[in-house]
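Structure first, commentary second.
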Amino acid sequence: MIESVLVANRGEIARRVIATARRMGIRTIAVYSEADTGLPFVREADQALLIGPPPPARSYLDAGAILQAARDSGARSVHPGYGFLSENGSFARTVIDAGLTWVGPPPSAIEQMGDKISARNLMAAAGVPVAAGTTEPVRDAEEAAAAAAFIGYPVMVKAAAGGGGIGMSVAAGPEQLVAAFETARSRAERFFGSPAILLERYVAPARHVEVQILGLPGGRVLALGERDCSVQRRHQKVAEETPSPGVSPALRARMLEAAVRAGETVGYEGAGTVEFLVDARTGEFTFLEMNTRLQVEHPVTEMVTGIDLVEQQLRIAGGDGISFDPDQVAAHGHAIELRVYAEDPNRFLPSPGTISGWVEPAGAGIRVDAGYEAGNVVTPFYDPLLAKLCAWGPDRDEALRRARDAVASFRITGLKTNLPFQADLLDSEEFSDGGYDTLVVSRLRP
């Protein structure tokens, strides 16, 4: 069993991992930058080590500083959370080579799924549906034009490396393609260190639906249900729910089967997510990517299954085996997650500042995973996610009612948040009736 874990992350996910690890009797070590000195996760860990100044490249992305912190603290394992180094196969190998336990999938799985083009090709060979797209990196605008003509417009232009919607653009025709390609390429190089670009058939209207998988030692892969992640701004998720109101039982069964096949193909172990795009008109689905880590939205799956995914990650990595019967997994009720950001609720621009007041909602079915509290400073160095507000109910109507009440009672002062937007989303007819797609935000905030 794992006896100690260093959490190579910050904010709410560091706090989340620390909470489960401590419940399991595992000693927790936090690492933090100078900007995060006063955040709750630093205080709540058994030990906390400063690893550098605020810029991520000099702190949370500094593999050397993190490994030194592991040596200094005597940590025997590393949990990467999400973002930062969580999907860096080289970092995973370095952790393992240092004699530490990596709380994540095998580095080979991370590397195979880390490049979207390679992942698409691998999934296609395994029989997982993929959209029409390029099978090699697109090197220049001329190649992009030829590929787009073959695929057919509209096309999605996106970075082959990385994720989070960064660098994505849509070209409706040849006149938009060059600008979309150049924008995607420059952002890909800036954020991911690789200019490799992928072109893919763009589907609209569409739903973004993902499947939570858990790979067990020995090769078995479980599918723990799907989450609808269609509420997005700038191709980045804002709200999620499970089960998806836009997925029929038959479609769900096919998607879960495809996700299991994807995990088995790469020898997956631990928690991961297989993301699909569902054509809202035809109901057909295609593979988007695989996130080889814990997802931001994992709490909704935990709420309907009763399974602590962080606990399972730690148990699998430590060789203990999972804590539940894999043949008796069942989902109960409905859960919705709303991401609470420090940002303007209309233009969605970051709004850093000092939090003067913080009062969380409470009550039946309500869960708040927060990274901040009153008195903390939200800096411009990191993603402005403040908390994840989750609501569970025995059915979707009750989950919606509880979510609306929770949003109305969540009090954060001192800076702007997107809580007003979340209130509008929950009150909108399109979201309430479950018939929304990936463009719902653009209709609510034209």
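The values are calculated or read from the model by the stated rules, or taken from the named source; none is laboratory data. Everything numeric here is computed off the predicted structure, so don't read it as measured data. Cβ atoms come from the backbone with ideal geometry, glycine included; neighbour counts cover every protein chain shown. When the accessible area is computed, the model is the full protein with side chains, heavy atoms only, and any ligands, DNA or RNA have been set aside. Shrake-Rupley method; radii C 1.70, N 1.55, O 1.52, S 1.80 Å.
Subtracting the Cα-Cα distance from 0.36 nm times the residue separation, let me have the gained length for residue 374 to residue 432 in nm, one decimal.
Details: separation 58, 0.36 × 58 = 20.88 nm, distance 3.20 nm.
Length difference between fully extended and current span is 17.7 nm.
State the percentage of accessible surface on the chain attributable to carbon and sulfur atoms; use a 1.4 Å probe and exclude ligands, DNA and RNA. Answer for the chain is 51 percent, counting heavy atoms of protein chains only.
Once the chain from residue 139 to residue 50 is taken as fully extended at 0.36 nm per residue, the excess over their C-alpha distance is 27.9 nm. Between residue 202 and 155, 156, the built amide H atoms are under 5 Å apart, and every one of these is 5 or more places off in sequence or on another chain. The simple spin-label model puts a point 7 Å past each Cα toward its Cβ; for residue 72 and residue 108 those points are separated by 3.6 nm.
The residue among 301, 277, 248 whose Cα reaches farthest toward the positive pole of the charge dipole of the stretch 243-319, with charges on the beta-carbon of Lys, Arg, Asp and Glu, is 248. In this structure residue 340 has an accessible area near 0 Å², from a 1.4 Å probe over the protein heavy atoms. The residues of the chain expose, per residue, 38 Å² of accessible area to a 1.4 Å probe.
Only helices enter the 222 nm calculation for the chain: every DSSP H run of n ≥ 4 contributes -39,500 (n - 2.57), and dividing by all residues gives -10000 deg cm²/dmol, rounded to 500. Accessible surface for residue 248 stands near 50 Å², nearest 10, in the context of the full protein assembly shown (1.4 Å probe). 3J(HN,Hα) along the stretch 3-9: 9, 8, 9, 9, 9, 8, 7 Hz, from the Karplus curve 6.51 cos²θ - 1.76 cosθ + 1.60 with θ = phi - 60°, whole Hz, x for Gly and Pro.
In a fully extended conformation the segment linking residue 63 and residue 395 would gain 115.1 nm over its present Cα-Cα distance, using 0.36 nm per residue.
Here the 3J(HN,Hα) profile of the stretch 308-313, calculated from phi with Karplus coefficients 6.51, -1.76 and 1.60 at θ = phi - 60°, is 7, 5, 5, 4, 5, 4 Hz, Gly and Pro shown as x. Between the stretch 102-165 and the stretch 232-246, what's the alpha-carbon centroid distance in Å? Between the Cα centre of the stretch 102-165 and that of the stretch 232-246, the gap is 22 Å. When the surface is traced with a 1.4 Å probe over the full set of protein chains, residue 237 keeps roughly 30 Å² accessible.
The HN-Hα couplings worked out from phi for the stretch 145-153 by the Karplus form 6.51 cos²θ - 1.76 cosθ + 1.60 (θ = phi - 60°) are 5, 5, 5, 5, 5, 6, 5, x, 7 Hz, whole numbers, x standing for Gly and Pro. Mean projected area of the Cα convex hull of the stretch 303-397, taken over all directions, amounts to 8.9 nm².
Taking a straight line from the alpha carbon of residue 237, these lysines sit under 18 Å away, with near neighbours fewer than eight places off in the same chain left out: 158, 388.
Amide H to amide H distances under 5 Å link residue 101 with 77, 78, where only residues 5 or more positions off or on other chains count and H is placed in the peptide plane.
The dipole here belongs to the stretch 77-187: it is taken about the Cα centre, uses +1 on the Cβ of Lys and Arg and -1 on the Cβ of Asp and Glu, and is about 240 debye. Calculated from the structure at hand, Cα Rg over 2.2 N^0.38 Å is found among (i) 1.09; (ii) 1.17; (iii) 0.94 as (iii). Collect residues whose amide H, placed 1.01 Å from N in the peptide plane, falls under 5 Å from the amide H of residue 343; neighbours closer than 5 in sequence don't count. For residue 343, whose amide H was placed from the backbone, the distant partners under 5 Å are 351, 417, 418.
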